[in-house]
Amino acid sequence: MNIAELAEVIAYRHDLPKKAARVIVDSVFAVLTEATIADREVTLSGFGKFRLRTSSARVGRNLRTGELMDIKPAPRISFAPAKSFKDKLVRR
C-alpha cells in the first residue's frame, strides 16, 4: 500500500473527499518525520515506536574489489512493533 492508497481507504472509511484525506495523511507523516528527526521517540499506542538511532562505525568490504573499507556511523530509523501488533501478525 502506498500513500495514495492509504488516503483513499481513509477517505472511504470516513466519508471524506480524497484530497482532504491525502492532506491529513501527508500531515501525519510530516509530523512523524519532524519528531523523529528531532530525536524524539514517536510512540503510536497499539502500533509501535519509531526512533532515531545511529549505526556504529565498522569495517566493510567492497564486493567488487574485495578491498576493506571504513563505513562511517549513520543515522537510522528503527521501528519496534507494539505487542498487540505483533500478536496480530502471529495469528495471521
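Readers should treat all values here as calculations from the given coordinates under stated rules, not as data from a laboratory. This is a predicted model, so every value here is computed, not measured. Reconstructed Cβ throughout: ideal geometry from the backbone, glycine too, with neighbour counts over all protein chains shown.
Percent relative contact order of the stretch 39-92, based on C-alpha pairs within less than 8 angstrom and at least six residues apart? Kindly include the intermediate steps, with their values, before the conclusion.
Working: 79 pairs, mean separation 20.3, N = 54.
In percent, rounded to a whole number, it is 38.
Output the direction-averaged projected area (hull surface divided by four) of the convex hull of the alpha-carbon atoms of the stretch 39-92, in nm². Don't skip to the answer; put the middle values down first.
Working: hull surface 23.2 nm².
If you wrap the Cα atoms of the stretch 39-92 in a convex hull and average its projections, you get 5.8 nm².
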Percent relative contact order for the chain, counting Cα pairs under 8 Å at least six residues apart, stands at 20
If I model a spin label as a point 7 Å beyond the Cα along the Cα-Cβ vector, how far apart are those points for residue 82 and residue 41 in nm? 1.5
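Ranking 23, 90 by Cβ neighbours within 10 Å, fewest first, what do you get? Mind showing how you got there, number by number?
On the way: 23 13, 90 6.
Ordered from fewest to most neighbouring Cβ atoms within 10 Å, 23, 90 come out as 90, 23.
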Computed FRET value (nearest 0.05) for residue 55 with residue 28, which takes r as the C-beta separation and R₀ as 30 Å: 0.65
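Subtracting the Cα-Cα distance from 0.36 nm times the residue separation, let me have the gained length for residue 62 to residue 14 in nm, one decimal.
Additional length available on full extension: 12.2 nm.
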Mean residue ellipticity (222 nm) of the chain, computed from DSSP H runs ≥ 4 via -39,500 (n - 2.57), nearest 500: -14000 deg cm²/dmol
Test of understanding: ordering 64, 13 by Cβ neighbours within 10 Å, fewest first, what list do you get? 64, 13
In whole Å and largest first, what semi-axes does the C-alpha gyration tensor of the chain yield when each eigenvalue is scaled by 5 and square-rooted? 35, 18, 16
Size of charge dipole - the chain - debye, nearest 20, with Cβ of Lys, Arg +1 and Asp, Glu -1, no other charges: 400
What GluC sites (Glu not before Pro) does the stretch 1-85 have in DSSP loop regions with at most 16 other beta carbons within 10 Å? 41, 67
Excluding residues fewer than 8 positions from residue 18 in its own chain, the aspartates and glutamates with Cα under 19 Å of it are 5, 8, 26
